[in-house]
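Undergrad: The following block contains the structure, expressed as structure tokens.
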Amino acid sequence: MKMSPQEFLDWPSKRITLLAMSGAGKTTLANKLPKAKWFHYSGDYRIGTRYLREPILDNIKRQAMSVPFLRELLLSDSIYISNKITVDNLAPVSTFLAKVGDPAQNGLSLQEFKRRQQLHHQAECAAMNDVPEFIHKAQDIYGYPHFINDAGGSVCELDCPDVIEKLAKNTLIIYIKIPPALEKTIIERAKTDPKPLYYREAFLDERLKEFMGLNNYATTDEMPPDEFVSWVFPELFKSRLPRYQAIADQHGYVVDATDAAAVKTEADFINMISDALAKQS
């Protein structure tokens, strides 16, 4: 969706998709908008509560069944297991994605890891395809005048043009671009605290081959999971930047993450986007 600054300011029901790497401040920015006026749609929350809900619970139950005490209680229907996913706590989704590597270090086999990656890909596509429906629900049922889509960091990896085109048709896409100084911070944070991530399969295969060759691992089961994630993150980060930029060039606009971090009020947010439209029109 393309528009002039004045068209944006006059837009009575603003619908915006925030696109960026995890750590760029999408959720923080969305949370600064008044909750009485803006419906906050989290792609990761939708993935966890709708499209990966059952696989996530199955994964938790599988772990619980390995504990004799919990196994007996589950088999006798004495307890039940649920997860508590919130917009600010998406740990069950990350735990399900997990990491590839040595099973003794809680790593997954490559086959199981790819299976979960594929499930996440399908779930993320579905969650983004749900955006138009939720825009309607937000207004028709709940009476929210405005809508913000806090998209997951891996949306640029989907290689599904129809999904991006649907987002562009129904929302104004804003790419929060990370400046070089913050890039270093995010990369260092990821290297010291490696988190489960989604990878395009071609990227994963290429990087696994390189990593295993550098470290003389014959199979992925020999790899320390955290070691691979720490090593691969800078490469993943660099590979995603041109993908975000290409989406913004074709369908949206760019704002600097430093400017986004400086936003304190709804008025600041509106002015930041209006200025971006003016500079890039």
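No value in this document is a laboratory result; all are computed from the given coordinates. Bear in mind the structure is a predicted one, so any value in this text is a computation, not a measurement. Glycine gets a Cβ as well: all are built from the backbone with ideal geometry, and neighbour counts include every protein chain shown.
Undergrad: Points 7 angstrom from Cα along the Cβ direction at A278 and L75: gap in nanometres?
TA: 7.0
Undergrad: Another question, then. Quick one: angle between helix 180-192 and the longest Cα principal axis of the chain, in degrees between 0 and 90, rounded to 10, please.
TA: 20
Undergrad: Starting from 0.36 nm per residue, how many nanometres of slack lie between D268 and K191 once their C-alpha separation is accounted for?
TA: On the way: separation 77, 0.36 × 77 = 27.72 nm, distance 3.30 nm.
That works out to 24.4 nm of additional length.
Undergrad: Could you calculate the contour length gain from K238 to K2, that is, 0.36 nm times the residue separation minus the distance between their Cα atoms, to one decimal place in nm? Provide the component values of the computation, followed by the final result.
TA: Working: separation 236, 0.36 × 236 = 84.96 nm, distance 2.67 nm.
Value of the extension gain: 82.3 nm.
Undergrad: Further, regarding this structure: Taking the Cβ of S274 as the centre, find all other residues whose Cβ is under 15 Å away and add up their charges (Lys, Arg: +1; Asp, Glu: -1). Could you put the intermediate results ahead of the total?
TA: Details: positive: K2, K14, K279; negative: E7, D10, D256, D259, E266, D268, D275.
My count for the surroundings of S274 gives -4.
Undergrad: Could I ask something else about it? With θ set to phi - 60° and the Karplus curve 6.51 cos²θ - 1.76 cosθ + 1.60, what are the ³J(HN,Hα) couplings of the range 161-173 in order, to the nearest whole Hz, using x for Gly and Pro?
TA: Coupling constants for the range 161-173: x, 4, 5, 5, 5, 5, 4, 5, 6, 9, 9, 8, 8 Hz.
Undergrad: Just tell me the longest site-free run in the chain, where the sites are chymotrypsin sites (Phe, Trp or Tyr not before Pro) in a DSSP loop having at most 14 other beta-carbon atoms within 10 Å. Kindly include the intermediate steps, with their values, before the conclusion.
TA: On the way: sites that count: Y80, Y142.
Longest site-free region, per DSSP loop and neighbour criteria: 143-281.
Undergrad: Calculate the dipole size of the chain relative to its Cα centre from +1 charges on Lys and Arg beta carbons and -1 charges on Asp and Glu beta carbons; express the result in debye to the nearest 20. Before the final figure, lay out the partial values.
TA: Numbers: 34 positive and 37 negative charges, 98 e Å.
The calculated dipole for the chain is roughly 480 debye.
Undergrad: How would you classify the chain from its alpha-carbon gyration tensor, with a ≥ b ≥ c the square roots of the eigenvalues: rounded for a/c under 1.5, else prolate if a/b is greater than b/c, otherwise oblate? Could the numbers behind the result be given before it?
TA: Details: a/c = 2.27, a/b = 1.44, b/c = 1.57.
The shape class here is oblate.
Undergrad: Taking H placed 1.01 Å from N in the peptide plane, check which residues at least 5 places from T17 or on another chain put their amide H under 5 Å from its amide H.
TA: The answer is N149, L172, I173, I174.
Undergrad: Let me ask another. Residue by residue, what Karplus-based ³J(HN,Hα) values in Hz, rounded to whole numbers, does the range 120-135 have, using 6.51, -1.76 and 1.60 with θ = phi - 60° and x for Gly and Pro?
TA: 5, 4, 4, 5, 5, 4, 5, 5, 6, 5, 7, 4, x, 4, 6, 4
Undergrad: Work out from phi, with θ = phi - 60° and the Karplus expression 6.51 cos²θ - 1.76 cosθ + 1.60, the ³J(HN,Hα) of each residue of the range 275-281, listed in order in whole Hz, and give x for Gly and Pro.
TA: 5, 4, 5, 5, 6, 10, 6
Undergrad: Report the Cα centroid-to-centroid distance between the range 12-63 and the range 133-192 in angstrom, as an integer.
TA: If we compute the Cα centre of each part, the gap is 9 Å.
Undergrad: Among S109, G23, P68, whose Cα lies farthest out toward the positive end of the dipole of the chain, if unit charges sit on the beta carbon of Lys, Arg (+1) and Asp, Glu (-1)?
TA: G23
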